[in-house]
Amino acid sequence: SKENGGNRITFYKSEDTDRMNRRIAIESGLRPALYQRQFHLSYQPIYRLGDGRLRGLEALIRWNHPELGVISPKEFIPIAEHSGLIIPIGEWVIRESCKMLARIRKYGLHDLRMSINISPLQLHDPSFMNTLLNVLEENRLEPSSIELEITEHYLFHSSETAVTALSRLRATGVRIALDDFGTGYSSFSNLKQLPIHCLKIDKSFIQKIDLQGAERHIVESIIGLVQKLGVEVIAEGVEYEGQYRLLKEWGCNYVQGYLLGTPMEPTMMDTSMFRRAAN
Ligand code: C2E
Ligand code: CA
Ligand code: CA
Ligand code: CA
């Protein structure tokens, strides 16, 4: 309790212990989760702003832990990176999402794209590119049908090898997107040197563009400048009509967010939605 200093110390200590126990439970639960199929993917639609057509889906990993319940990827992905398990987990994500894309494409959506989040550690894994190309071939998908999302924060702090790895991937036809743009330290001059096709403006900016703040001007300038470099722009975290209208006015290429569609469980994905989009 707060009246008693001694108890307070005990209170904080037990909180630390709880946090540590949770971390240990998550870390030791990752491997069984992978082999006992506790992970699944959910898919969020990305739409073209010009005509409202479905551009593709972003695969987002979900974990329903048998005791802890649903755990956010924001919590367990860093732990998986720390333990190295992100490599097999990331490979599972690629396999699963490519299988899904191949299935959906049967509805006539031949140019539908799958966006896949990639950890920097996967980029450094020497077998990554081979695994990726094999999975694509197994599913009869051309490399340009997938887009790897890598966070901005990592790329601008990374070694030459990351950019080299991206360039090699790009040469195979796989598309590259810079994720969470605006949260790191990038400038437009180093943006030019990156082998990217697409840039995703972080939702923390998008969520403020309909207010009277600096974000409005920042996002408008990003869209204009980036497109001059021949790079496409996706706005993520679009939640309100007003944000959508501004992005359209500024010529943003694509939008993603709760306004247009939340991440969907595969069983909830309505095949009629895909048939509609195919026409
Ligand atoms: P992210 O790549 O930036 O993904 C976007 C996150 O924003 C997702 O959270 C998505 O559900 C959420 N979101 C989508 N629309 C809206 C919106 O309109 N408003 C708000 N407030 N949020 C929106 P999620 O699924 O919890 O994923 C969190 C992060 O975990 C991802 O951020 C990504 O960095 C990481 N992640 C997710 N799946 C994977 C994966 O398969 N591999 C790796 N390496 N990381 C993943
Ligand atoms: Ca992403
Ligand atoms: Ca993002
Ligand atoms: Ca993120």
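The values are calculated or read from the model by the stated rules, or taken from the named source; none is laboratory data. Because the structure is a prediction, the values reported are computed rather than measured. Cβ: placed from backbone, ideal geometry, glycine included. Neighbour counts: every protein chain shown. These accessible areas exclude ligands, DNA and RNA; they are computed on the full protein's heavy atoms, side chains included. Shrake-Rupley method; radii C 1.70, N 1.55, O 1.52, S 1.80 Å.
Here is how the numbers come out for the structure above:
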read-out: Cross-chain or 6+ apart pairs with Cβ under 6 Å, the range 108-137 first and charged (D, E, K, R), then crowded, with 17+ Cβ neighbours inside 10 Å; value: 113/56; 113/145; 113/147; 125/87
read-out: Selection status of residue 207, open to solvent by 40 Å² or more (accessible area, probe 1.4 Å) and either free of Cβ contacts under 8 Å to residues at least 24 places away in the same chain or within 16 Å of ligand 1 (Cβ to nearest atom) (or both); value: yes
read-out: Residue within the range 146-159 that is more than 16 Å from ligand 2 (Cβ to nearest atom), open to solvent by 30 Å² or more (accessible area, probe 1.4 Å) and touching a Lys or Arg at 6+ places or on another chain (Cβ under 9 Å) present; value: no
read-out: Residue list for the range 238-264, filter: open to solvent by less than 30 Å² (accessible area, probe 1.4 Å) and not in a loop (DSSP other than H, G, I, E, B); value: 242, 243, 246, 247, 254, 255, 264
read-out: From the options 77, 87, 116, 94, residue that is open to solvent by 10 Å² or more (accessible area, probe 1.4 Å), within 18 Å of residue 151 (Cβ to Cβ) and within 14 Å of the chain's Cα centre (by Cα); value: 77
read-out: Test result for residue 37, at positive phi and either open to solvent by 60 Å² or more (accessible area, probe 1.4 Å) or among the hydroxyl-bearing types (Ser, Thr, Tyr) (or both); value: yes
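Residue-wise test of (1) modelled with pLDDT under 95; (2) surrounded by fewer than 13 Cβ atoms within 10 Å (Cβ to Cβ); (3) within 16 Å of ligand 1 (Cβ to nearest atom).
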| site | (1), (2), (3) |
| --- | --- |
| 162 | yes, no, yes |
| 165 | yes, no, yes |
| 171 | no, yes, no |
| 200 | no, no, yes |
| 226 | yes, no, no |
| 236 | no, no, yes |
